[in-house]
Amino acid sequence: MAAVPTSPLFHLYVGTFTVAALACFASLTRLHQITDSDTRRGLWALLLTSGSWATAQVGFLVSPTPALKLGWYTLGLVVGLAAVGAWLYFCSAYTGRTYHHNPTYRRLAVGVYVVLVAVKITNPLHHEYFTTTAVTTPFPHLSVATGPLHWTAMAFSYALAFVGYFMLLELFTQIDYDTRPLFALVGITGLPVVLDIIGYTTSYLIDITYEPLGVAVFAVGVAFVYIDQFDAVQLAGERDEPIIALDADNHIRDTNHAARTVFPTLNGAEGAQLEQALPHVAACLNSDDPILPVQQSDFTRYYRVTETPYGTVKSGLGQTIVLTDVTERERYREELERQNERLDQFASLVSHDLRNPLNVATGQFELLCEELSVAEENEHAVAVERAFDRMDDLIGQVLTLAREGRPVEQWDAVLLSSVATESWGMVETATADLRVADDVEFKADTARLQRLFENLFRNALDHGGPDVTVTVGVLPDREGFYVADDGPGIPLEDRDSVFEPGYTTREGGTGFGLAIVAEIVAAHGWTVQVTESDTGGARFEIFGIETVA
């Protein structure tokens, strides 16, 4: 059994790689503070493989026999190659790319890894990857002479590692955020390459892989010093919106260019309390309304103010405030409010200025009939009374049409079968039959959805007769449902007109039933179309619903 070297340089090597391994493993306990799960998994794999790599280097140095040294060295080759894959996974996730989720890339990575590992562990058979020689300088150790397969695998690994560096450096240079600390940490991970070259070309260092040392420094820097900047940079890289980073005491720590453009007072405001520098932003965060109006030149922009704490488990690290521009949506909402006001005015006109005179006319007509002793079977009186009833019905339908066109604000989870059954009970269905083929739960305004079904059921009864069969079911190829009947159906040339107000083919019909259906569908943001059912009747398909998981 070989004696353990006593050279101070030997102990420095062993101590350095031991510290590197411990630093990587200790950093694993801090990764729960990283918000993005993919980034957290990638960094976890990188630190685990790098820590194992450094451990293998320690085992290679301190093992007493050549066989054990070779075993540790081979293990280091295997986990070191895995660290390259973990590095790429981490870089892809952290920079907001999706390469790490691409099935083709993942299968290719696994295939290449298996092939290279096979080449490494079969080296005793072909000796094309490395050979070993016992040397005594600068201290007794097993010197490894690399072969052509090693240089091929090394070139490939460094090329892949450079891709990861490129992704990170591109992120750091493109965002307007203070990335200098992370820039330095990423640069440190590449410095061990210099040590590799020195060890290979000179006798000052032994020819061993030093990459775990760089990863250890990176791990300690990210996990113990710059964890909040690490999280904030990733968030800034994913967004072009104004971003304000705060520390645990609500002091402004950093901002990006977009934030300073929207709020010029942020220039030089680092270290100030948010409540002092931007009181309206602070007030918005503490209110129930997250929309912040900001006057810019001659118009107003609207921002949704949200806060993201650093980390998903540990609190007290500070937070990032993100202002998302929702100007177009707010202007659309304001226009809808103005439209609703106009609809209210219209409904008031219909309800009072038309219905009240109609009620007066109806009452006067009844008095006139009594005064003149007009018989109930008088055809002229019957026609006038029928006209009054039709006018009242039309006014009610127009009023409903105006109200149903308002965008839905209250969404509830509804069950297709339940709403259809309840709506069927509200309609005089005679001997008609309702069948619910299948079911789905989705979000809707319950009252308006029930009115939609009632109107579709009445349409089926009006055109299909008292014995019509109505079927309600789920659309198999899209998010939606249908209402079908076995009546005479709707001619192809009329299908584009049936939803127009006033369109009807039934004598005495108002033509507003399907128009109201169309308004309810539009108010939900859905789409409706009419086709032919399996039995030749009418089939109304409503799609674009939001199902409930």
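The values are calculated or read from the model by the stated rules, or taken from the named source; none is laboratory data. None of the values given here were measured: they were computed from a predicted structure. Cβ sites come from the backbone with ideal geometry, for glycine too, and all protein chains shown count toward neighbours. For the accessible areas, the whole protein counts, side chains as well, though only heavy atoms, and no ligand, DNA or RNA atoms are used. Shrake-Rupley method; radii C 1.70, N 1.55, O 1.52, S 1.80 Å.
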Task: Local net charge near Thr189, Cβ-Cβ under 14 Å (Lys/Arg +1, Asp/Glu -1) - done: -2
Open item on the list: Would region 103-169 count as rounded, prolate or oblate if I go by the C-alpha gyration tensor, calling it rounded below 1.5 in a/c and otherwise prolate when a/b exceeds b/c, oblate otherwise?
Closed with: oblate
Task: Accessible area expressed per residue, region 424-495, with surrounding protein chains retained (probe 1.4 Å, Å²) - done: 48 Å²
Open item on the list: Please list, by residue number, everything in region 423-455 whose backbone N is under 15 Å from a paramagnetic label point 7 Å out along Cα→Cβ of Asp534.
Closed with: 435-439
Task: Estimated distance in nm for a label pair at Glu541 and Ala67, the labels positioned 7 Å out from Cα along Cα-to-Cβ - done: 7.3 nm
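Cβ neighbours within 10 Å, averaged per peptide: list 148-156, 439-447, 16-24 in order, most packed at the top.
16-24, 439-447, 148-156
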Open item on the list: If R₀ is 30 angstrom, what is the calculated FRET efficiency for the pair Arg97 and Thr306, using the beta carbon separation as r and rounding to 0.05?
Closed with: 0.80
TODO: With a Förster radius of 51 Å, plug the Cβ-Cβ distance of Leu169 and Glu479 into 1/(1 + (r/R0)^6) and report the FRET value to the nearest 0.05.
DONE: 0.75
Open item on the list: Highest mean first, how do 284-292, 160-168, 513-521 rank when packing is the count of other Cβ atoms within 10 Å averaged over residues?
Closed with: 513-521, 160-168, 284-292
Task: Cα→Cβ-extended label distance, 7 Å offset, between Ser203 and Asp439, nm - done: 8.5 nm
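How high is the FRET efficiency from Ser417 to Asp494, r the C-beta distance, R0 41 Å, rounded to 0.05?
My answer for the efficiency is 0.85.
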- [ ] Give me the percent of the accessible area of region 1-119 that comes from carbon and sulfur atoms, probe 1.4 Å, all protein chains in place.
- [x] 74 percent
Open item on the list: So, for region 12-96, what is the accessible surface per residue at a probe of 1.4 Å, expressed in square angstrom?
Closed with: 34 Å²
- [ ] Please give the length that would be gained between Thr261 and Asp462 if that part of the chain were fully extended, namely 0.36 nm times their separation in residues minus their C-alpha to C-alpha distance (nm, one decimal).
- [x] 66.1 nm
Open item on the list: Assuming 0.36 nm per residue, please report the length gained on full extension of the stretch Asp392 to Ala145 beyond their Cα-Cα distance.
Closed with: 79.0 nm
TODO: Can you pull the one-decimal nm distance between simple spin-label points at Val193 and Ala26, each 7 Å off the Cα toward Cβ?
DONE: 2.9 nm
Task: Length gained when the stretch Gln296-Val112 is fully extended (0.36 nm per residue, less Cα-Cα span) - done: 60.7 nm
